[in-house]
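Here's the structure, in structure tokens; my notes come after.
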Amino acid sequence: MTCVERTYSPRTEMPETDARERLVDAHIHLFDFMHETDGAPALIAAMDAAGVERAVVFGMPVKKKWDVAEPGRPGYYMDDVARCYYFSLTDLLVLEHLDRLSDADRARIAPMACGFDPTDLSAVTQLERLFDHHPPGTWRGVGEVLLRHGDLSARLVGELPRANHAGMRRVADFCAERQLPLVVHSNASSQGHEPEAYVPELEELLRVYKGDVLVWCHAGISEIHNEHDHVPTVGRLLSEHEVLHVDLSWAAVDDVLDASDDPEPQWVELIERFPDRVVLGSDVLGHFGAYDEVFGRTARILDGLSPGTRQKVARLNAERLWFDGAG
Ligand SMILES: [Zn+2]
């Protein structure tokens with residue numbers, strides 16, 4: 001496939017007949033780890049420039065601490081060894097920023113709630129209050145819940161979050177009761193373990209989950225999967241659990257695309273086997289200057305797909321999950 005088919009290059013004005021492929025970004029954070037942001041209008045401008053019609057927007061469930069022992073202010077969780085702590089304000093900040101948009105632009109965003117500690121057995125009470133406090137439909141789901149997350153897990157205060165934790169089970173039950181998509185980041189493994197070491201934790205959650213949609217962010221891929229073929233595991237889980245969806249973003253994009261940024265055949269085959277269960281995401285954090293570049297590269301995944309599957313992965317699946325199928 002060639003780049004000629006790409007229609008998401010930056011543009012300043014809409015064409016007379018909009019021949020662009022409409023995209024939905026199913027994974028973007030309005031804030032970075034320090035809880036800073038370019039703001040919702042900048043997000044909309046970046047979406048327009050990249051041909052992205054709608055986006056599923058998370059805050060950031062944790063905030064990086066600037067520890068007194070560190071000489072410089074960190075910008076990213078990896079910048080030093082200081083801890084990250086749960087930051088519940090994130091959810092209300094998301095709404096506050098979205099309120100600055102026009103009604104038409106606001107309707108392009110599906111906000112998600114994520115600012116809770118998934119190892120807290122009473123986190124679900126917080127979610128109930130949050131969801132009950134706002135009009136129905138305000139929140140479109142729960143996530144991105146950060147569970148196994150390599151170096152981030154090592155920096156989290158408190159207990160290590162896992163997909164099969166009792167607190168997470170309650171959150172999953174909440175999503176099932178209210179028919180909300182649940183979006184989790186649960187790495188398949190981490191350094192020092194076999195490449196699929198944590199997959200059974202996710203499977204345990206999938207076995208008890210009574211909801212309709214569970215999205216596995218990045219299909220559980222992290223840097224440790226560079227030399228490992230993870231596709232058979234993703235295929236097995238998708239075939240065994242109808243509720244499971246995967247978002248291809250962040251480390252997953254590096255796995256799906258080869259050195260020339262063309263999609264790997266085994267991934268194309270997998271996506272064609274499960275065309276209704278895959279969405280794309282940018283996983284950009286709070287700053288949107290490189291948005292077009294990041295999501296443009298992600299959208300290269302579409303170049304390997306048949307026309308029908310391409311439309312589903314580009315937007316229809318995400319619209320079904322988060323926008324009531326609005327086309
Ligand atoms: Zn993310």
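The values are calculated or read from the model by the stated rules, or taken from the named source; none is laboratory data. Keep in mind it's a predicted model, so treat the numbers as computed, not measured. Every residue, glycine among them, receives a Cβ derived from its backbone with ideal geometry; neighbour counts consider all protein chains shown.
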*Within the stretch 73-82, is there a residue that is of a type in the set (Asp, Glu), within 27 Å of Ala314 (Cα to Cα) and surrounded by fewer than 17 Cβ atoms within 10 Å (Cβ to Cβ)?*
no
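Tally the residues that are under 14 Å from Glu21 (Cβ atoms) and touching a strand residue (DSSP E or B) at 6+ places or on another chain (Cβ under 8 Å), restricting the search to the stretch 293-304. Reasoning before the result, please.
From the stretch 293-304, those under 14 Å from Glu21 (Cβ atoms) are 295-296, 298-303; that's our starting set.
With touching a strand residue (DSSP E or B) at 6+ places or on another chain (Cβ under 8 Å) added as a condition, the list becomes 295, 298-303.
Of the residues in that region, 7 qualify.
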_helices (runs of 4 or more DSSP H) fully within the stretch 213-327 counting 1 or more residues that are within 16 Å of the ligand (Cβ to nearest atom) and either basic (Lys, Arg) or touching a Ser or Thr at 6+ places or on another chain (Cβ under 6 Å) (or both)_ = 251-256, 291-298
*asked:* Condition first: buried (at least 22 other Cβ atoms within 10 Å of the Cβ) and in contact with a Phe, Trp or Tyr (Cβ under 7 Å, 6 or more places away or on another chain). Now tell me which residues in the stretch 87-116 satisfy that.
replied: Thr90, Ala110, Pro111, Met112, Ala113, Cys114, Gly115, Phe116
_Can you pull out every residue in the stretch 220-243 that is of a type in the set (Gly, Ala, Ser) and either farther than 24 Å from Glu264 by Cβ or at pLDDT below 95 (or both)?_
Gly220, Ser222
*Return the residue satisfying two criteria in turn: it lies in the stretch 172-190 and is within 16 Å of the ligand (Cβ to nearest atom) and modelled with pLDDT of 95 or more, and of such residues it is surrounded by the most Cβ atoms within 10 Å (Cβ to Cβ).*
Val183
*Where Asp91 falls short, out of the listed (1) under 17 Å from Asp117 (Cα atoms); (2) out of contact with any helix residue (DSSP H, G or I) (no Cβ under 9 Å at 6 or more places or on another chain); (3) not polar (S, T, N, Q)*: (2)
_Suppose we filter the stretch 50-72 for residues that are in contact with a helix residue (DSSP H, G or I) (Cβ under 8 Å, 6 or more places away or on another chain) and surrounded by fewer than 18 Cβ atoms within 10 Å (Cβ to Cβ); how many remain?_
0
*So is Trp267 hydrophobic (A, V, I, L, M, F, W, C) and either modelled with pLDDT of 95 or more or closer than 13 Å to Ala55 by Cα (or both) or not?*
yes
*Pairs with Cβ under 9 Å, 6+ apart, first in the stretch 11-30 and over 18 Å from Ile301 (Cα atoms) and small (Gly, Ala, Ser), second modelled with pLDDT under 95 and more than 16 Å from the ligand (Cβ to nearest atom)*: Ala19/Thr7
_Within the stretch 107-206, strands (runs of 3 or more DSSP E) holding 3 or more residues that are farther than 24 Å from Glu240 by Cα and not aliphatic (A, V, I, L, M)_ = none
